[in-house]
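Novice: What follows is a structure written as structure tokens; I'll ask about it next.
The values are calculated or read from the model by the stated rules, or taken from the named source; none is laboratory data. Keep in mind that what you see is a predicted model, and the values were worked out from it rather than measured. Neighbour counts are summed over all protein chains in view; Cβ atoms, including those assigned to glycine, are modelled from backbone coordinates with ideal geometry.
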Amino acid sequence: MNGAVEGPGGRRGDRWRFALAGLLVVVLAAVGLVGVGFVFSRCDASASSSSSLVCLGSDGIPNQLDGQRVYRVSEQAEWQNLSGSFPLGGYALDEVEACPTMLPQPSAEADLLGQCGGIALASVANEKQVFGLPMLAPLGSNLLYGWLGGPAIVVRAHTRDPEAAACSADKRAACEAAVVVEAVVWSARPSANATPTPAASFA
């Protein structure tokens, strides 16, 4: 008889081959996912304001600077009540609003809450929906005029500014929540109109 009968040993061999093929598929899939992770969390030394390597998230904003987490605009629940300074990343945009006929005299409320429009920090470049974005306090916003509509930036900022104590009782909470920019500490690329403030360690 020329026909061979496959015994138990042959079936075990087939099982091993299928198992090895399945393992190979899993390994290749894992390698592919790692590759995707590198694409969406790329590292760049040239974009940093220092010589250290900066790893960028999929939004083009660093994940960390000077060993500190860089918060996103959308993570307001996490950074709103932090003590001291913290790094906040985003894209600066100008939100224009109609000004009242009579502007109030210079005051803590004017410094922290603004009077008509101002600069907001968006999660992505060319953000169209500005509703709900944290408006930056006029106090310190002059540092961002050269970055409007520009590249991704990271600012050193704080809330609960000491000047909030001088706000009226009905606006005290809003004054304490105002985001005050202290410095631009990183940018994705230079802006022709910007004068970056020096990078500094976070308190």
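Novice: Quick check on this structure: which one of L139, L121 is surrounded by fewer than 20 Cβ atoms within 10 Å (Cβ to Cβ), at pLDDT 85 or above, in contact with a strand residue (DSSP E or B) (Cβ under 7 Å, 6 or more places away or on another chain) and hydrophobic (A, V, I, L, M, F, W, C)?
Specialist: L139
Novice: Also: Would you be able to say whether some residue in segment 124-135 is over 21 Å from E75 (Cα atoms), touching a strand residue (DSSP E or B) at 6+ places or on another chain (Cβ under 8 Å) and modelled with pLDDT under 90?
Specialist: Start the filter on segment 124-135 by keeping residues that are over 21 Å from E75 (Cα atoms), which leaves none.
The answer is no; no qualifying residue exists.
Novice: When you check A157 against the structure, is it under 20 Å from L88 (Cβ atoms), of a type in the set (A, V, I, L, M), modelled with pLDDT of 85 or more and assigned to a helix (DSSP H, G or I), yes or no?
Specialist: Considered against the rule, which asks whether it is under 20 Å from L88 (Cβ atoms), of a type in the set (A, V, I, L, M), modelled with pLDDT of 85 or more and assigned to a helix (DSSP H, G or I), A157 comes out as no.
Novice: Among the numbered criteria (1) modelled with pLDDT under 90; (2) more than 13 Å from the chain's Cα centre (by Cα), which one does A77 miss?
Specialist: Looking at each condition in turn, A77 falls short on (1).
Novice: Still on this model: So, in segment 80-118, how many residues would count as being modelled with pLDDT of 90 or more, out of contact with any helix residue (DSSP H, G or I) (no Cβ under 7 Å at 6 or more places or on another chain), surrounded by 14 or more Cβ atoms within 10 Å (Cβ to Cβ) and not aliphatic (A, V, I, L, M)?
Specialist: Adding up the residues that qualify gives 4.
Novice: What are the pairs with Cβ atoms under 6 angstrom where one residue, in segment 64-86, is on the phi > 0 side of the Ramachandran plot and the other, located anywhere, is not hydrophobic (A, V, I, L, M, F, W, C)? Sequence gap at least six, or different chains.
Specialist: D66/S201
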